[in-house]
1. Among the residues of the range 267-294, write down those that are surrounded by fewer than 13 Cβ atoms within 10 Å (Cβ to Cβ) and of a type outside the set (D, E, K, R).
2. Do the conditions hold for Ala124, that is, is it at negative phi, part of a loop (DSSP other than H, G, I, E, B) and surrounded by 19 or more Cβ atoms within 10 Å (Cβ to Cβ)?
3. Please verify whether Ala228 is farther than 18 Å from Asp104 by Cα, assigned to a strand (DSSP E or B) and either under 18 Å from the mean Cα position of the chain (by Cα) or of a type in the set (Gly, Ala, Ser) (or both), treating the condition exactly as stated.
4. For residues in the range 1-55 being in a loop (DSSP other than H, G, I, E, B) and among the acidic types (Asp, Glu), which is farthest from Ile86 (Cα to Cα)?
5. Check whether at least one residue in the range 142-158 is under 22 Å from Gly128 (Cα atoms) and at pLDDT below 95, and report yes or no.
6. Given the conditions (1) out of contact with any helix residue (DSSP H, G or I) (no Cβ under 6 Å at 6 or more places or on another chain); (2) surrounded by 18 or more Cβ atoms within 10 Å (Cβ to Cβ); (3) touching a residue at least 60 places away in the same chain (Cβ under 8 Å); (4) at negative phi, which single one is not true for Gly109?
7. Looking at the range 17-50 only, could you name the residues that are of a type in the set (A, V, I, L, M, F, W, C), surrounded by 13 or more Cβ atoms within 10 Å (Cβ to Cβ) and touching a residue at least 24 places away in the same chain (Cβ under 8 Å)?
8. Within the bounds of the range 219-233, is there any residue that is surrounded by 18 or more Cβ atoms within 10 Å (Cβ to Cβ) and of a type in the set (Asp, Glu)?
Amino acid sequence: MPAPRILILGAHGGLGRALGRHFAAHFETLSWGRAELDFERPETIAAALASQKFDVLLNAAGMTSPDVCEAEPERAFLVNAVAPRILAECCEQRGARMIHFSTDYVFSGVDRDLWFEADETVPANIYGRTKRAGEQAVLKASPGALVARVSWLFGPHKPSHPDSIIQRALQTDDLSAVADKISVPTSNADICGWIEQLIVRHPTASGVLHLCNSGVASWHSWAEAALAIAARLEVPVKTTTVKPINLASLTQLKAPRPLMTVMSNAKLQGLLAGEIRNWFDALEEYLVQKYQPQ
């Protein structure tokens with residue numbers, strides 16, 4: 001069987017860049033950003049896709065800022081729900097497989113310590129609601145599609161929470177981070193490996209699947225872990241201690257955030273027939289590569 005041809009959307013985001021670099025090494029890969037496919041012009045999507053040859057479409061594009069989505073709900077719905085539906089319809093018509101990335105923000109964040117794929121989704125904000133609508137639209141249009149929910153991404157292609165906290169710690173020892181918001185930090189590099197296995201070894205896997213590392217963290221514990229690793233790598237941070245604060249104290253945030261969105265990766269482990277490593281180990285590998293490149 002020839003290797004499948006991969007089309008990646010959202011090429012300039014952190015996950016999209018990671019996917020592009022990963023798959024370009026061994027697959028015929030095309031990466032598109034907004035210049036090639038504008039989700040705010042859904043009427044152009046079908047013709048653009050018709051001009052390309054691909055077997056698998058990885059949709060890592062979307063409007064991901066909860067505050068921007070809250071301020072511009074119509075635009076968010078267009079990008080996060082309408083465009084993915086059209087993508088799924090195109091994939092279904094041509095017999096291509098679609099893998100659509102979603103988020104832990106589809107969950108309410110209350111009354112549960114661990115969320116499974118089949119649990120009810122009651123999003124707390126516009127971002128989560130538009131992403132849930134996108135999930136539903138994709139699976140309705142293409143029942144063989146795979147919706148991959150991810151959480152708290154980090155990696156080399158776009159600064160994330162650990163990068164930001166280390167940069168701040170180079171300048172000051174007065175640091176704070178939210179301690180009552182809980183989820184699972186997840187490595188973009190690990191996601192790339194899981195997606196490759198799902199494409200090559202599990203071509204019929206469909207429905208909803210949680211793609212996240214193992215373990216649990218708050219923004220606060222994630223920050224202190226990053227600083228401890230950085231200090232061990234002799235990065236000249238001024239502190240490894242971070243003051244814990246509550247999410248409610250961040251009054252500048254316009255969109256409500258769910259507090260507890262730890263997703264189970266048991267289904268992923270079962271598919272891949274192996275343990276999924278802890279987020280701390282993945283974070284340590286990333287920071288070693290960043291600050292002590294070979």
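The values are calculated or read from the model by the stated rules, or taken from the named source; none is laboratory data. This structure is a prediction, so every number in the text was calculated from the model and none was measured. Note that we place each Cβ from the backbone using ideal geometry, even for glycine, and neighbour counts take in every protein chain shown.
1. Taking the range 267-294 first, the residues surrounded by fewer than 13 Cβ atoms within 10 Å (Cβ to Cβ) are 270, 273-275, 292-294.
The answer is Gly270, Ala273, Gly274, Gln292, Pro293, Gln294.
2. Values: at negative phi: yes; part of a loop (DSSP other than H, G, I, E, B): yes; surrounded by 19 or more Cβ atoms within 10 Å (Cβ to Cβ): yes.
When the stated conditions are applied, Ala124 passes them.
3. no
4. From the range 1-55, those in a loop (DSSP other than H, G, I, E, B) are 1-5, 10-13, 25-28, 33-41, 51-55; that's our starting set.
From the residues that got through so far, the ones that are among the acidic types (Asp, Glu) too are 28, 36, 38, 40, 55.
Working: Glu28: 23, Glu36: 16, Asp38: 12, Glu40: 12, Asp55: 16 Å.
Residue satisfying both the conditions and the ranking: Glu28.
5. At the first step, the residues of the range 142-158 found to be under 22 Å from Gly128 (Cα atoms) are 142-143, 145-154, 158.
Cutting the leftovers down to at pLDDT below 95 gives us 158.
Among the residues of the range 142-158, at least one is under 22 Å from Gly128 (Cα atoms) and at pLDDT below 95, which makes the answer yes.
6. Exception for Gly109: condition (4).
7. As a first pass, look at the range 17-50 and keep what is of a type in the set (A, V, I, L, M, F, W, C): 18-19, 23-25, 27, 30, 32, 35, 37, 39, 45-50.
Still in the list and also surrounded by 13 or more Cβ atoms within 10 Å (Cβ to Cβ): 18-19, 23-24, 27, 30, 32, 37, 39, 45-46, 48-49.
Hits for the range 17-50 are Ala18, Leu19, Phe23, Phe27, Leu30, Trp32, Leu37, Phe39, Ile45, Ala46, Leu49.
8. Step one: list which residues in the range 219-233 are surrounded by 18 or more Cβ atoms within 10 Å (Cβ to Cβ), which gives 219-227, 229-230.
Now narrow it down to the ones that are of a type in the set (Asp, Glu): 224.
Yes, the range 219-233 contains a residue that is surrounded by 18 or more Cβ atoms within 10 Å (Cβ to Cβ) and of a type in the set (Asp, Glu).
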